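Q: Here it is, the structure in full.
The values are calculated or read from the model by the stated rules, or taken from the named source; none is laboratory data. Note that the structure is a prediction, hence the values are computed from the model and not measured. FYI the Cβ positions are ideal-geometry reconstructions off the backbone, even for glycines, and counts take in every protein chain you see. Each accessible area value is taken on the protein alone, full model and side chains, heavy atoms only, with ligands, DNA and RNA left out. Shrake-Rupley method; radii C 1.70, N 1.55, O 1.52, S 1.80 Å.
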Amino acid sequence: IYVDDELVAGVATIQDITALKEADRAKNEFLAIVSHELLNPLTNILGWAQVAQGAADMTPQALSIIVSNAWRQRQLVDDLLDMSRVVQP
């Protein structure tokens, strides 16, 4: 507040952002874990697909592992979608 061009009073606000920082940290940790969990079966899928391409005698085993890991990854994605439906208003 100014009186006769002289500052006589002011207002300042302070906001505690500790909870916001904690939420952001938790989000980042969650994304790192989810990324790792999705990458693991995908790595197996890609690796065994390459094995199946190069070694015909490995094809049945490779396909079994590919299908197993694809279903695992599908379940992870389904779980994430279920969680997102629960938290959305």
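Q: For labels at Met83 and Leu31 in the simple 7 Å Cα→Cβ model, what's the distance in nm?
A: 1.4 nm
Q: Could you work out [θ]222 nm for the chain from helices alone, using -39500 (n - 2.57) per DSSP H run of at least four and dividing by all its residues? Round to the nearest 500 deg cm²/dmol.
A: -27000 deg cm²/dmol
Q: So, one more: Express in Å², to the nearest 10, the accessible area of Ser35 obtained by rolling a 1.4 Å probe over the protein heavy atoms while all chains stay in place.
A: Accessible surface of Ser35 is approximately 70 Å².
Q: Summarise the accessible area of the chain (1.4 Å probe, protein heavy atoms) by the percent that is carbon and sulfur.
A: Values: 4600 of 7490 Å².
Looking at the chain in its full context, I get 61 percent from C and S.
Q: Could you give the distance between the Cα centres of the stretch 64-89 and the stretch 38-58, to the whole Å?
A: 20 Å
Q: Once both axes come from the Cα atoms, what is the angle between helix 59-87 and the longest principal axis of the chain, in degrees from 0 to 90, rounded to 10?
A: Approximately 20 degrees, to the nearest ten.
Q: Let me ask you something else. Round to the nearest 10 and give me the degree value, 0 to 90, for the angle of helix 18-54's Cα axis relative to the longest principal axis of the chain.
A: Roughly 20 degrees between the two axes.
Q: In percent, how large is the relative contact order of the chain, given Cα pairs closer than 8 Å and 6 or more residues apart?
A: Once normalised by length, the contact order is 21 percent.
Q: Let me ask something additional. Computed from these coordinates, which is percent of Cα pairs over 14 Å apart: (i) 78; (ii) 71; (iii) 61?
A: Looking at percent of Cα pairs over 14 Å apart for this model, the match is (i).
Q: Over the stretch 28-67, what is the relative contact order in whole percent, taking alpha-carbon pairs under 8 Å and six or more residues apart?
A: 36 percent
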